[in-house]
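Every number in this text was worked out from the coordinates using simple rules, so none of it is lab data. Given the structure is predicted, the values throughout are model-derived calculations rather than measurements. Cβ coordinates were reconstructed from backbone atoms using ideal geometry, including for glycine residues, and neighbour counts include every protein chain displayed.
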Amino acid sequence: MTVFAVALILFFTPLVASAVFGFTLPGKGFTLDSLDAAVQNADFLSQLSTTLQLAVLSTLASLLLLVPTLLFLHLRAPKLLPITEWLSVIPYVVPAIALVSGANLFFRSVAPSFLVSTYSLVPFYVVLTLPLVYRTLDAGIRSLDIRTLFAASASLGATPAQTLVRIILPNLRAALLGASLLSCALALGEYALASLLLHSTFPVFMVQVGMNQPRAAAALSFLAIVVTWLLLMTLSSASTRRKKKQRSTQFKRQVAKDLPPKEFAPAGPPSFTKGRSR
């Protein structure tokens, strides 16, 4: 309980402090003036839209890359799983500045115009979120007996693609949702790569605003954290409600299956003697 209380204090104290600093002015109390100045900036909506697009694209790219790869490894090459798990940790070991420096040298010689586009951040975000997304999807796949599911589905005449779409992916819904949440959260708050590659995203915009308007930067940071937090809670609660609904449906089916069948009297031939007048 003490550890939980200390964790709450450490988490909420900076959040409350940034909210108080961003939404109050000396002698004026609570006000939105600092936030208005940042929102009316011409780059606010464009950079917010760019960051949201980068978060969605990087999440889709991570899922499209890792879901087939992990399914293939679990089905056909399970001995390679420890190696891929070790490789997935490399983005944590390599600093962002080293990653950007290496990418600059490589792409300048191979494709100089690649790093000019803002969407060139997508592969970097995929690499950055790789450890968390990999482990979330791997844990979800390990909880399923996918070999048995593929074999049972094939025995019923389904193709591998039909098994993947109708059986595997619906059962991986929780893992896919968790991986998407982690990827979006990291992409929305990533600053180092975008700044080093000289791209303008929403975190870079907040830092630039904070140089001249620290209260506006604090207010924007507080709102960004709250919105991200609410998004995570909404998606998590939706997943939890769906799980409860599935468990309730399975329980009802099990109860209906365990009930003894009703005994019905065999329908005999209609009697014509009853009511016949003698």
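Between LEU54, LEU25, PRO78, the Cα set farthest toward the positive side of the dipole of the stretch 1-151 (charges on each charged residue's Cβ, about the Cα centre) is that of PRO78. Projected label points at PHE72 and SER143, each 7 Å from Cα along the beta carbon direction, are separated by 2.6 nanometres. Between THR24 and THR31, the built amide H atoms are under 5 Å apart, and every one of these is 5 or more places off in sequence or on another chain. Projected onto the charge dipole of the stretch 75-217 (+1 at Lys/Arg Cβ, -1 at Asp/Glu Cβ, origin at the Cα centre), which of LEU164, SER109, VAL122 gives the Cα projection farthest towards the positive end? Positive-most Cα among the choices belongs to LEU164.
Scoring 180-186, 10-16 by mean Cβ neighbours within 10 Å over their residues and listing the highest first yields 180-186, 10-16. Rounded to the nearest 20 debye, the dipole size of the stretch 62-152 about its Cα centre is 120 debye, using +1 on the Cβ of Lys and Arg and -1 on the Cβ of Asp and Glu. Quick check on the stretch 126-219: take the gyration tensor over C-alpha atoms, sort the square-rooted eigenvalues as a ≥ b ≥ c, and tell me if it's rounded (a/c under 1.5), prolate or oblate. It comes out prolate by the Cα gyration axes.
The shape of the stretch 1-76 comes out oblate: with a ≥ b ≥ c from the C-alpha gyration tensor, a/c is at least 1.5 while a/b does not beat b/c. Computed from label points 7 Å out along Cα-Cβ, the spacing between VAL94 and ALA158 is 3.8 nm.
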